[in-house]
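Computed from the coordinates by the stated procedures, all read-outs in this text should not be read as laboratory data. What you are looking at is a predicted structure, and each value in this text was computed from that prediction instead of being measured. Glycine also receives a Cβ, built like all others from the backbone with ideal geometry; neighbour counts cover every protein chain displayed.
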């Protein structure tokens with residue numbers, strides 16, 4: 001029988017950071033500290049952890065930095081209005 005239990009974030013990433021922007025706190029998973037930067041953005045209904053296996057594969061092939069944020073309304077990110085997914089609001093925080 002297969003085990004579909006979730007894996008821990010620290011099985012794939014070096015750290016999980018909280019980034020405060022105004023009254024909102026964005027969760028970001030980080031791997032590596034040198035080399036080219038990969039910014040991995042998840043789709044609707046997912047989280048930065050969606051990139052866990054890919055980040056492990058990339059970092060085992062090349063020395064790099066990987067950032068995988070939980071976008072507004074997803075994962076561990078907490079905002080005062082998680083439902084405001086307008087383009088204007090997304091651009092404001094992802095610039």
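The length gained by stretching the chain between residue 60 and residue 25 to full extension, at 0.36 nm per residue less their Cα-Cα distance, is 9.6 nm. What the Cβ-Cβ distance of residue 83 and residue 3 gives, at R0 = 35 Å and to the nearest 0.05, is a FRET efficiency of 0.55. Is the shape of the stretch 11-93 rounded, prolate or oblate, going by the alpha carbon gyration tensor and its root eigenvalues a ≥ b ≥ c, with a/c under 1.5 for rounded and a/b larger than b/c for prolate? Prolate. Taking a ≥ b ≥ c as the square roots of the Cα gyration tensor eigenvalues, with a/c under 1.5 meaning rounded and otherwise prolate when a/b beats b/c, else oblate, which class fits the stretch 1-57? Oblate, because a/c is 1.5 or more while a/b does not exceed b/c. Computed from the C-beta positions of residue 34 and residue 10 and an R0 of 22 Å, the FRET efficiency is 0.65 to the nearest 0.05.
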